[in-house]
1. I need the full set of residues from the range 248-286 which are modelled with pLDDT of 95 or more, away from the ligand (no atom under 15 Å from the Cβ) and either touching a Leu at 6+ places or on another chain (Cβ under 8 Å) or within 21 Å of MET36 (Cβ to Cβ) (or both), in order please.
2. If LYS99 passes every condition in (1) within 16 Å of the ligand (Cβ to nearest atom); (2) without any contact (Cβ under 8 Å) to a residue 40 or more places away in the chain; (3) open to solvent by 50 Å² or more (accessible area, probe 1.4 Å); (4) among the basic types (Lys, Arg) but one, which one does it miss?
3. Name the single residue, out of those in the range 110-141 being open to solvent by 40 Å² or more (accessible area, probe 1.4 Å) and closer than 26 Å to ALA169 by Cβ, that is farthest from the ligand (Cβ to nearest atom).
4. Cβ-Cβ under 9 Å, sequence separation 6+ or interchain: first residue in the range 267-286 and on the phi > 0 side of the Ramachandran plot, partner within 15 Å of the ligand (Cβ to nearest atom) and polar (S, T, N, Q). Which pairs?
5. For the range 37-55, name all the residues that are under 18 Å from the mean Cα position of the chain (by Cα) and either free of Cβ contacts under 8 Å to residues at least 40 places away in the same chain or within 12 Å of the ligand (Cβ to nearest atom) (or both).
6. All but one of (1) buried (at least 23 other Cβ atoms within 10 Å of the Cβ); (2) closer than 23 Å to GLY136 by Cβ; (3) over 15 Å from the mean Cα position of the chain (by Cα) hold for VAL83; which doesn't?
7. Quick one: which residue in ALA47, ALA54 is under 19 Å from ARG261 (Cβ atoms), small (Gly, Ala, Ser) and either modelled with pLDDT under 90 or open to solvent by 20 Å² or more (accessible area, probe 1.4 Å) (or both)?
8. Restricting attention to the range 185-211, report how many residues are of a type outside the set (Asp, Glu) and near the ligand (Cβ under 9 Å from one of its atoms).
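The values are calculated or read from the model by the stated rules, or taken from the named source; none is laboratory data. None of these values were measured; they are calculated from a predicted model. For neighbour counting, all protein chains shown are included, and Cβ atoms are generated from backbone atoms with ideal geometry for every residue, glycine included. Just so you know, the surface numbers come from the protein's heavy atoms only, side chains and all, with ligands and any DNA or RNA stripped out. Shrake-Rupley method; radii C 1.70, N 1.55, O 1.52, S 1.80 Å.
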Amino acid sequence: MGSLMRRVFLWVARNGWLKDRLPRLPFMQRAVRRFMPGESLEDALAAAVPLQAAGIGSMYTKLGENLSSLAEADAVADQYIAVLDAIKARALRGEISVKPTQLGLDLDADRALTHLVRLAEHAAAIDSYLWIDMEGSAYTEPTIRLYERLRAVQPRTGICLQAYLRRTAGDIDRLRPLDPAIRLVKGAYDESESIAWRDKGEVDGSYRDLAVDFLTKGRGRPVRLGLGTHDVALIERIAAAVTPVGIERDGFEIEMLYGIRTSEQFRLAKAGYRVQTLIAYGDAWFPWYMRRLAERPANVTFAIRSLFP
Ligand SMILES: Cc1cc2nc3c(=O)[nH]c(=O)nc-3n(C[C@H](O)[C@H](O)[C@H](O)COP(=O)(O)OP(=O)(O)OC[C@H]3O[C@@H](n4cnc5c(N)ncnc54)[C@H](O)[C@@H]3O)c2cc1C
């Protein structure tokens, strides 16, 4: 039942007709507020202030996916430059997280790389960092190739990899010579059995093994690992597995989404873990919100409750 609901929500996330209509409904707009403080960058920056006071860093992502023209990609890149300037102006410990298709990967990979290099250089100049999100499996290879080219010229950059994909262990080995920064997530898209584990136990097992292996082999190297998951038990299992080889709580990061397991984010930061919250903003939130519902059917109850103001 859970997996059927997951597939339905992931289908809705891809449906253009629904994407044009559902977000206009006031109850949908109320429901999505649980996961994003507001549509404007200002809302996102304001939400980071209490997090920073608790020692939690922030990462910003403007929602939106595939584009129809390169001019749109230019505008997206310019707005991320403005985000970096705002992070600096407000003295926030903040980073940015960008979807390659928002920078035109579908239309012109070289141009997307030019945007990424510009953003990464700007991020490095203000002591910030650029993360590349990972989209559906059609983009895995082009995104990794983009990261290889980017990392060769700008070290303050990281890439998201998905533990549900069977290829990910090989991708990590391939990236290892670059001393990469990796955000490991379980994976949010509807991928086929032939390329992805679909059973939760298998995905969790893959996640654990990849994280422990990456940290152990990267010991003493300038690598960075972000555990992009709300699965606190899994995080604690990984932490326990790497403590014997001398990797302490501050030897990796925990990255969670704004609005999910908030009290755990504060508790983990207090317990000495390095925690970062990814804050989304922008008006193109519909497919992203459907992926959040797919992850956790309990959120659907919350969405239904939002029918009643
Ligand atoms: C910082 C960050 C960046 C991400 N970037 C990407 C990306 O670039 N590409 C990609 O494919 N995926 C990305 N994801 C999503 C990721 O792949 C998972 O779909 C998502 O994190 C849910 O899985 P989980 O690891 O939290 O584990 P799960 O096993 O799904 O959940 C563990 C527990 O966390 C809580 N939880 C999880 N999800 C929710 C939710 N939506 N609402 C309420 N509680 C919840 C529940 O208590 C649940 O029992 C990102 C996630 C994070 C945190």
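1. The answer is GLY251, PHE266.
2. (3)
3. GLU141
4. GLY282/THR61
5. None - no residue of the range 37-55 is under 18 Å from the mean Cα position of the chain (by Cα) and either free of Cβ contacts under 8 Å to residues at least 40 places away in the same chain or within 12 Å of the ligand (Cβ to nearest atom) (or both), so the list stays empty.
6. The number of the failed condition is (2).
7. Working: ALA47 fails: either modelled with pLDDT under 90 or open to solvent by 20 Å² or more (accessible area, probe 1.4 Å) (or both).
Going through ALA47, ALA54 in turn, just one is under 19 Å from ARG261 (Cβ atoms), small (Gly, Ala, Ser) and either modelled with pLDDT under 90 or open to solvent by 20 Å² or more (accessible area, probe 1.4 Å) (or both): ALA54.
8. Narrowing the range 185-211 to residues of a type outside the set (Asp, Glu): 185-189, 192, 194-198, 200-201, 203, 205-208, 210-211.
Filter once more, so that each one left must be near the ligand (Cβ under 9 Å from one of its atoms): 185-189, 200, 203, 207.
Residues in the range 185-211 being of a type outside the set (Asp, Glu) and near the ligand (Cβ under 9 Å from one of its atoms): 8 in total.
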